[in-house]
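Derivation of every value follows stated rules applied to the coordinates shown; laboratory data play no part. Note that this is a predicted model, so its numbers are computed, not measured. Positions of Cβ are generated from backbone atoms using ideal geometry, with glycine treated the same way; all protein chains shown enter the neighbour counts.
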Amino acid sequence: MNFAHIVGTGSALPDRIVTNQDLETFLDTSDEWITRRTGIKERRIARKSEQETTTALATRAARSALQIAEMTADQLDTIVVATVTSDRYVPSAACLVQKELGADNAAAYDISAGCSGFIYALEMANNHIKAQNAENILVIGAERLSAILNWQDRGTAVLLGDGAGAVILRRNSGQSGLLSTHIKSDGRLWDLLYSENGDVAVPEILAGLDIKPFHLKMEGNRLFKQAVSSMVNIAEKALSVNGLVREDIDLVIPHQANMRIIQAVAEKLHIPMEKFFTNLHKYGNTSAATIPIALDEAFRSGRISKGDNLLMVSFGAGLTWGAAIVRWTI
């Protein structure tokens, strides 16, 4: 059998840091309220510049992953970008990344699955490799959620940020790497998190945003409950399919949406919080980018060792959710 092995990771973040205290200057909120309810202390917000577009952030993350993998872009067979905030409606973000990298031999396409986009993209890439249609695949999660926020709505404005993360998958016959991926959705619940047309005002402190003509709306309480149950159920399925128990998992990389969600998932899975890698206090929720950014940080900081079993689990608009089990090989 063919298995997709992660052989490189990378991430990229805008330079501008927006703290909770910064949000206090134009929102009816406080650092104490945001921290207590979300665990977020600050987030990165892109400026309207060539260096901080969705394409630019995705390309930077990709180059970092290629460097770890000791590969050149012309070795890539496929590029998959998970995003809901591409720079253009047409062409895809993946094609623009392909151009910037000079990955002339790669097919390129986008996936839109909200915060679950990275897991969905892993599923597609894994299928390509198992079918022997590709040998080296670049998978990216990249978002500029600052472009689709209503900055007067504290229910969403305090949560989200910008960034990109990437992995390189390589085909290998060894029974390790990406052991399985699992994705689900329920369109009946679309109205818990969706976009609505309309322009929004941008606070002066956030000058330089590249705003799109729509913004997010969210029903937080119902979404919270649905996120916890869905993530727990699909994580348990991923463990069962691979004949693993909770104790076999060395590290969990969850979607970085809200610390209370992560804590609830940990409690219901009976996996100690010490095994959960979190960085949302620094970056907030970057949607499809949260898991690959966290994965890159965990790897580079020494939290992941060769042979470790990783559980990645996500939840997002659609509604969508997903999980993946990886046996680390680098």
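In the chain, the DSSP beta bridges split such that about 75 percent are antiparallel, to the nearest 5. With a point put 7 Å past each Cα toward its Cβ, work out how far residue 196 is from residue 281 in nm, to one decimal. Rounded to a tenth, the inter-label distance reads 3.4 nm. May I ask you to derive the FRET efficiency for residue 188 and residue 29 from their Cβ-Cβ distance with R0 = 30 Å, giving the value to the nearest 0.05? With a Förster radius of 30 Å, E is 0.40. Over the chain, DSSP H runs of length four or greater, each weighted -39,500 (n - 2.57), average out per residue to a 222 nm ellipticity of -9500 deg cm²/dmol. Of the chymotrypsin sites (Phe, Trp or Tyr not before Pro) found in the range 140-221, none is in coil by DSSP with at most 15 other Cβ atoms within 10 Å of its Cβ.
Using the Cα gyration tensor of the range 3-175, with a ≥ b ≥ c the square roots of its eigenvalues, what is the shape: rounded (a/c below 1.5), prolate (a/b larger than b/c) or oblate (neither)? Judged from the Cα gyration tensor, the range 3-175 comes out prolate (a/c at least 1.5, a/b above b/c). With R₀ set to 22 Å, the beta-carbon distance separating residue 300 from residue 72 gives a calculated FRET efficiency near 0.55. Is the range 151-271 best put as rounded, prolate or oblate by its Cα gyration tensor, with a ≥ b ≥ c the root eigenvalues, rounded for a/c under 1.5, and otherwise prolate when a/b is larger than b/c, oblate when not? Prolate is the answer for the range 151-271, as a/c is 1.5 or above and a/b outweighs b/c.
Counting only DSSP beta bridges with both residues in the range 3-175, the antiparallel share comes to about 70 percent. Rounded to two decimals, the Cα-based Rg/Rh of the chain, with Kirkwood Rh, is 0.95.
Label the range 80-141 by shape, choosing from rounded, prolate and oblate, from the square roots a ≥ b ≥ c of the eigenvalues of the Cα gyration tensor; if a/c is under 1.5 it is rounded, and otherwise prolate applies when a/b is larger than b/c, oblate when it is not.
Note, shape of the range 80-141 comes out oblate.
Using only the C-alpha atoms, the convex hull of the range 1-104 corresponds to 159 Å³ per residue.
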